[in-house]
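To start, the structure under review is shown below, and the notes come after it.
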Amino acid sequence: MLIANHNTAPDDARIEVAKNLCYEIYFSMGKNRAYLTLKGFWKSKQVVAGYLEDLKKLLVLTEPGFTILTDQSQLVTHPQELNDLHLEAQRLMVKEGVQQVAHIMPSDKIASLQVNAIADQTGLPISKFATIEEAETWLDNTVSFE
């Protein structure tokens, strides 16, 4: 049985970490890249009670210098109580050694402002893109794979 690792996994092979109505989390070992899709309206912390635990499962798979492609295009404005959840999530990513984050920003203007404000507080290294393809290409060309 072949066990894939960061050196032997194909670049496009993705592991599903979590998938539900509010978010999807995948990881590519070959690229050392996380893929997060945040969707819809998160009414309360209870709706996404497993989010931080799912992120921790993801971070176990990463190596320092990992990258993240985050698609938040379907995200809408969240209640203020969820800001702490997003702050903690981003702090975890920074602590674990994220190198770069490519964001597809929400089309909802208020949600977009929330995303920017939270990233400013955590120091998460983000760059913004209009499409997933642009973000993926930029990460592939900007980040060195070691």
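Bear in mind these aren't lab numbers, they're just calculated from the coordinates by the rules spelled out. Note that the structure is a prediction, hence the values are computed from the model and not measured.
Pick the calculated Rg and Dmax of the Cα atoms in Å for this structure from [x] 22.0, 84; [y] 14.7, 49; [z] 19.9, 65?
Among [x] 22.0, 84; [y] 14.7, 49; [z] 19.9, 65, the one derived from this structure is [y].
Can you spot the lysines whose alpha carbon is less than 23 Å from Lys57's alpha carbon? Ignore those fewer than 8 places along the same chain.
Correct list for Lys57: Lys19, Lys31, Lys39, Lys45, Lys95.
Using just the helices of the chain, give the 222 nm mean residue ellipticity in deg cm²/dmol: DSSP H runs with n ≥ 4 each add -39,500 (n - 2.57), and the total is spread over all residues, rounded to 500.
-10500 deg cm²/dmol
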